[in-house]
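The values are calculated or read from the model by the stated rules, or taken from the named source; none is laboratory data. Since this is a predicted model, take the numbers as computed values, not measurements. Because the Cβ atoms are built from the backbone with ideal geometry, glycine has one as well, and the counts that use them run over all protein chains shown.
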Amino acid sequence: MNTIQKITADKYDYMDLLLIADPSEKAIAKYLGDSDLFVMFEADKPVCVAVVKKVSDNICEIKNIAVTKMRRGYGSEMIDYICDYYKNNYEFMEVGTADTSIGNIRFYERNGFAVTHQIDNFFVDNYDEPIYENGVQCRHMVMLQRSLDE
């Protein structure tokens, strides 16, 4: 059985997992300190991480979510958990992903998120090195949002 814990100390111990979703330790360091970190354990082994940050009085954002193995339900289970965790504090949860990440966009849509807007040149402007996915440079961030009152 999987267990999920909110981690308050030694957050950088999970950097290897966080780097699965965000290739820049520098970028992760910008949000990890003032965000909540959740780790899912399967038989005491971390298999999924999520970082959530307050955006405004009614919106929180998933800044990072990563799994060690795809298609095991870890990501969906984590999203359900954190949406439930924050439903009494925020009205919406949002998440951003590269416009080249069609699989990620579909994953978020299956988990109740809908595309709201795009941030042009996000990955070009905010990362020192170009990021490529499937041979295509990531440029724009697609933002999705889910209501937490469901």
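Going by the structure shown, is N104 under 12 Å from the mean Cα position of the chain (by Cα), over 15 Å from P23 (Cα atoms) and not hydrophobic (A, V, I, L, M, F, W, C)? Quick ask: steps written out before the conclusion?
Numbers: under 12 Å from the mean Cα position of the chain (by Cα): yes; over 15 Å from P23 (Cα atoms): yes; not hydrophobic (A, V, I, L, M, F, W, C): yes.
Spelling it out, N104 is indeed under 12 Å from the mean Cα position of the chain (by Cα), over 15 Å from P23 (Cα atoms) and not hydrophobic (A, V, I, L, M, F, W, C).
Condition (residue is among the β-branched types (V, I, T), under 19 Å from M143 (Cβ atoms) and assigned to a loop (DSSP other than H, G, I, E, B)) applied to the range 8-20: is it met by at least one residue?
Checked the range 8-20: no residue is among the β-branched types (V, I, T), under 19 Å from M143 (Cβ atoms) and assigned to a loop (DSSP other than H, G, I, E, B).
Looking at (1) surrounded by 15 or more Cβ atoms within 10 Å (Cβ to Cβ); (2) within 22 Å of G135 (Cα to Cα), which is the one condition that is false for Y31?
(2)
Looking at the range 88-100, is at least one residue more than 18 Å from T116 (Cα to Cα), in contact with a strand residue (DSSP E or B) (Cβ under 7 Å, 6 or more places away or on another chain), surrounded by fewer than 21 Cβ atoms within 10 Å (Cβ to Cβ) and at pLDDT 95 or above?
As a first pass, look at the range 88-100 and keep what is more than 18 Å from T116 (Cα to Cα): 88-89.
Those still in the list that are in contact with a strand residue (DSSP E or B) (Cβ under 7 Å, 6 or more places away or on another chain) too: none.
Checked against the condition, which is being more than 18 Å from T116 (Cα to Cα), in contact with a strand residue (DSSP E or B) (Cβ under 7 Å, 6 or more places away or on another chain), surrounded by fewer than 21 Cβ atoms within 10 Å (Cβ to Cβ) and at pLDDT 95 or above, the range 88-100 yields no hits at all.
Can you tell me which residue among Y85, Y31 is of a type in the set (F, W, Y), within 13 Å of Q5 (Cα to Cα), modelled with pLDDT of 95 or more and out of contact with any Asp or Glu (no Cβ under 6 Å at 6 or more places or on another chain)?
Details: Y31 fails: within 13 Å of Q5 (Cα to Cα).
That would be Y85, the only listed residue that is of a type in the set (F, W, Y), within 13 Å of Q5 (Cα to Cα), modelled with pLDDT of 95 or more and out of contact with any Asp or Glu (no Cβ under 6 Å at 6 or more places or on another chain).
Pick from the range 60-75 the residues that are over 15 Å from T97 (Cβ atoms) and free of Cβ contacts under 8 Å to residues at least 40 places away in the same chain: which of them is surrounded by the most Cβ atoms within 10 Å (Cβ to Cβ)? Working first, answer last.
So the first thing to find is which residues in the range 60-75 are over 15 Å from T97 (Cβ atoms), and the list is 60, 68-69, 71-74.
Okay, now just the ones that are also free of Cβ contacts under 8 Å to residues at least 40 places away in the same chain, so 60, 69, 71-73.
On the way: C60: 24, K69: 9, R71: 7, R72: 14, G73: 11.
Only one residue tops the list, namely C60.
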